[in-house]
Amino acid sequence: MSMVGEIKEKLGSKITGWNEHSSKRIYFWIKPQDIKEVAGILFNELKLRFSIATGQDTPKGIEMLYHFCYDKAGQVFSVCLLIEDKKNPRIDSIASLFKGAEWIEREIWELLGVDFVGHPNLTHLLLIDEWPQGKYPLRHSHES
Amino acid sequence: MSIKLKALTKSIWVFHAACSPCNNCDIEILDLLTPRYDIERLGIVLVGSVRHADALLVTGVPNYKTKERLKKIYDQAAKPCVVVAIGGCACGRIMFRDSYNSPCAVDEIVPVDVYIPGCPPKPEAMIAGIAKLIKKVRGEK
Amino acid sequence: MSHKIVLPIGPYHPLQEEPEFFRLYVEGEKVVDIDIVIGYMHRGIEELSEHKHFDQVAFLVERICGICSTSHPFAYVNAVEDLGRIQVPERALYIRTVIAEMERIHSHLLWLGLAGHFIGYNTVWMWAWKYREPILNMFEMISGNRNHYAMMKVGGVRRDIKEEDIPALKKVLDELSGAVDMFKGAVMDDPVIQARLKGVGILTRQQAVDWCVVGPTARASGINIDIRRDDPYGAYDKVDWNVITEKDGDVFAKTIVRILEMHESIRIIRQCLDKMPKGEIDADIKDVPPGDGIGRVEAPRGECFHYVRSDGTNRPVRHKIRAPSYANVASNKVAAVGGTISDAAITLAAVDPCYCCTERLAVLDRGTDKKIMNGWDLIKLSQEKTRRMQEARNAAIK
């Protein structure tokens, strides 16, 4: 079965939207509360490699994309979700699943203000510790 | 003109202080040590501690994490110590001046004596810049 | 401790309170923990991207890293071309490949030189960097600059490789081929280098998977991934070449992977120069439609990942950049811990981080948390270990 087929089978109804931009770039949507389970399935069961997560400030909320790579076929599967509460955006941390996620979530926290519930060490990574609270450089309402 | 400053023009010991560079200028500085340019024949030596340095080579754009470090390094250096800003970033921050993480330019933190622009400046440009500095220090035209 | 180590403590590092890039905690000679602090290079490039138009972003991202200077623009233009389903002219694909492979060669030579310096073989440093010069000359001939060549553009390349320059380029490749053979022989035949690098800084296959490492760091641990083959871009699927992997995951394996990759790069460039068709080098793109795009390239250090979102205007709405070292440097948490201080410098350098990052190094005693060494001292310690091994070997031969 192709990786597309395996993902659809394992995630089932957790997938709320699917967009195949090309044979190698697939984006699918899930609900924010399912991220830990979905990331676990993709990394531990399907053995995909986690590259990076992108957070972006959109009018509808904070959109998160988790980019997983299936190297045998050169495909990138991006798991998309929307955190609607922009005043207090929160989502489960996936740092317990793989070590690389710790830095990635710290970066998104300090640049976008997303709280990662369960993260072992949510402190500044790139910015100085004295960076003003509430000032998130990648939020579009931010004045630089 | 102090005796020490005149003396240092015979053999300049340089300390390399990087702010937040892309590393290109730093690699070109190291390139000066390699056989093609070989600045050691001109008496210029790269040292591991700023206390031994006569000149401070600064590269990169200061950001909040490196701004204090640069100030401290300059304060630690035995005076007189000339400061050379190498590369467009150190000279004027170029495209990073609007960045949220860049508070100021290098010459707002430490007094700069020589600006060597370029992205990165070629090793020949750096040697020319240092030669100009030596001439200026000796009072030659 | 079985013997006394004279720790080159002085000159005492003047900035004791400053957070370093790598903070190594030692008990006696053994490294027991490592703290990695980043953020020194952070210049807010992703945010700056949102204020530049698509053409300007290519210049901006070039300056993320000086050594992977063309990898970032290459990944970026791939992302925008993926977004807009833009067809790039074939000649441009070949030119991009030539530039990218030339960069790989000079980057690996740079690493080889630094690695040589770290273990005390300064001749290797001088020779490796000497052989970088012909490549930098070629870059200057093609693009006008030794570094930051500004060749990549959305839809093509900015400059052509002229027919009359190709013989000079091929001559440089011949010279480099001989040099790479020399390095291969020097590294593989020298018993002290082998003893110095084998079994040092091991990253097992499972650790490499857990830490999601990429590039030569992953390939040296037996993970067969290479974006050039897995998700082809440029002209990589039009020429013959091999992915180099090793099993042991130690610094020696990483060295071999990089040396042999240089040979493959020379092969790729030669084929590209022969097969390159005549024609346009630029699709002359005027608009970027709304959408999302992901571009990846195999930079010298590993997978370089760019994500771009456009809303149909002339600026990206979001630009996410993941440099390869982001994943690789973090893996030092397992590779360096458990080794000795004298091996620390070369272990940390083996993932090929930015040179400046290795400057900001501190060694602290676990019991007192007092800083006892800085980066220069650590390198000196590594060089002394090699000297001791050479002396021991010479004594054994006599």
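Can you name the helices (runs of 4 or more DSSP H) wholly within segment C:176-282 that have at least 3 residues being without any contact (Cβ under 8 Å) to a residue 24 or more places away in the chain?
On the way: elements: C:191-197, C:205-210, C:215-219, C:227-230, C:251-275.
Hits in segment C:176-282: C:205-210.
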(request) Could you check, for segment A:110-118, whether at least one of its residues is more than 10 Å from chain C (Cβ to nearest Cβ), surrounded by 15 or more Cβ atoms within 10 Å (Cβ to Cβ), in contact with a Ser or Thr (Cβ under 6 Å, 6 or more places away or on another chain) and within 13 Å of A:MET64 (Cα to Cα)? (result) yes
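Restricting to segment B:58-72, name every residue that is crowded, with 23+ Cβ neighbours inside 10 Å and either of a type in the set (Gly, Ala, Ser) or facing chain C (nearest Cβ under 9 Å) (or both).
In the first step, residues of segment B:58-72 are kept if they are crowded, with 23+ Cβ neighbours inside 10 Å; the result is B:58-63, B:65-66.
Selection gives B:THR59, B:GLY60, B:VAL61, B:ASN63, B:LYS65, B:THR66.
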(message) Go through (1) farther than 20 Å from C:LEU136 by Cβ; (2) modelled with pLDDT of 80 or more for B:SER2 and report which single condition fails.
(response) (2)
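Kindly evaluate C:ILE269 against the criterion of being among the β-branched types (Val, Ile, Thr), more than 30 Å from A:PHE68 (Cβ to Cβ) and away from chain A (no Cβ under 14 Å). Don't jump to the end; show me each part of the working.
Numbers: among the β-branched types (Val, Ile, Thr): yes; more than 30 Å from A:PHE68 (Cβ to Cβ): yes; away from chain A (no Cβ under 14 Å): yes.
When the stated conditions are applied, C:ILE269 passes them.
Say whether the condition of being touching a strand residue (DSSP E or B) at 6+ places or on another chain (Cβ under 9 Å) and of a type in the set (S, T, N, Q) is met by at least one residue in segment C:202-210.
No, every residue in segment C:202-210 fails to be touching a strand residue (DSSP E or B) at 6+ places or on another chain (Cβ under 9 Å) and of a type in the set (S, T, N, Q).
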(message) Tell me yes or no: at least one residue of segment C:26-46 is touching a Phe, Trp or Tyr at 6+ places or on another chain (Cβ under 6 Å), at pLDDT 85 or above, assigned to a helix (DSSP H, G or I) and not hydroxyl-bearing (Ser, Thr, Tyr).
(response) no
(request) Report, by residue number, each residue of segment C:118-134 that is surrounded by fewer than 21 Cβ atoms within 10 Å (Cβ to Cβ), within 29 Å of C:LEU348 (Cβ to Cβ) and at pLDDT 90 or above. (result) C:GLU133
(request) Looking at (1) free of Cβ contacts under 8 Å to residues at least 60 places away in the same chain; (2) assigned to a loop (DSSP other than H, G, I, E, B); (3) surrounded by 20 or more Cβ atoms within 10 Å (Cβ to Cβ), find the lone condition where B:PRO111 falls short. (result) (3)
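Test A:GLY134 against the criterion of being loosely packed, with under 13 Cβ neighbours inside 10 Å, in contact (Cβ under 8 Å) with a residue 12 or more places away in the chain and not charged (D, E, K, R), and give yes or no. Reasoning before the result, please.
Working: loosely packed, with under 13 Cβ neighbours inside 10 Å: yes; in contact (Cβ under 8 Å) with a residue 12 or more places away in the chain: yes; not charged (D, E, K, R): yes.
So A:GLY134 passes the test.
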(message) Name the single residue that is nearest to the other protein chains (Cβ to nearest Cβ) among those in segment B:77-93 being over 16 Å from B:CYS22 (Cα atoms) and crowded, with 17+ Cβ neighbours inside 10 Å.
(response) B:ALA77
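The values are calculated or read from the model by the stated rules, or taken from the named source; none is laboratory data. Note that the structure is predicted; figures quoted are calculated from it, not measured. When we count neighbours, we look across all protein chains shown, and the Cβ atoms used for this are built from the backbone with ideal geometry, even at glycine.
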